[in-house]
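Notes to accompany the following structure.
The values are calculated or read from the model by the stated rules, or taken from the named source; none is laboratory data. Small disclaimer: the values here were computed from a predicted structure and weren't measured. Using ideal geometry, Cβ is built from the backbone for each residue, glycine included, and neighbour counts are taken over all protein chains shown.
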Amino acid sequence: MNSASAHSGSSDFMTLPLQTDEHVVALRKLVREQSITIKLTLVDQTKFVTAASELARNTLKYGGGGNVSFSLLSNGGRQGLCLVFEDKGPGIVDIAQALTDGFTSGTGLGLGLGGAKRLVDEFAIESEPGRGTVVKIVKWKK
């Protein structure tokens with residue numbers, strides 16, 4: 001898995017740790033602030049913060065922690081936000097199954113991955129058992 005390609009076409013990016021609940025809170029705050037900066041609608045702000053929170057919690061709970069890279073995107077006159085979550089956890093054996101509502105490998109409701117995918121404009125996931133998972137999400141200003 002090569003997360004470096006996840007940043008092509010983006011402006012500067014920052015990488016933040018995801019090791020504790022406090023890191024999740026800090027990420028939610030950053031995503032909210034940057035969503036406001038590029039003037040996402042309140043609904044789109046809420047969707048992106050919710051997706052980011054779900055994926056950050058998955059990174060902690062199932063991936064044993066990791067990091068998230070954040071970047072502002074610009075495509076012509078369009079602005080967007082990109083987050084790339086990366087962990088070195090056990091990986092996901094069956095990605096299609098993991099995206100199915102109701103499937104969980106833990107004690108959750110099984111809405112995290114599929115729910116996050118529905119809340120964003122672009123969603124990509126790579127995972128290899130024993131090597132970890134990378135999830136990229138993008139929200140564009142409409």
(request) Considering only residues that are of a type in the set (Asp, Glu) and surrounded by fewer than 19 Cβ atoms within 10 Å (Cβ to Cβ), look in region 18-53 and name the one that is nearest to GLU122 (Cα to Cα). (result) GLU33
(message) Being modelled with pLDDT of 95 or more and closer than 25 Å to GLU22 by Cβ is true for just one of ILE137, ILE125. Which residue is that?
(response) ILE137
(request) Could you look through region 54-81, keep only residues that are among the aliphatic types (A, V, I, L, M) and under 17 Å from LEU30 (Cα atoms), and pick out the one that is surrounded by the most Cβ atoms within 10 Å (Cβ to Cβ)? (result) LEU55
(message) Quick check on my filter: what residues within region 76-92 are closer than 15 Å to ASN58 by Cα and either at pLDDT below 90 or assigned to a strand (DSSP E or B) (or both)?
(response) LEU83, VAL84, PHE85, GLU86, ASP87
(request) Go through region 93-115 and give me each residue that's surrounded by 14 or more Cβ atoms within 10 Å (Cβ to Cβ), modelled with pLDDT of 85 or more and in a loop (DSSP other than H, G, I, E, B). (result) LEU99
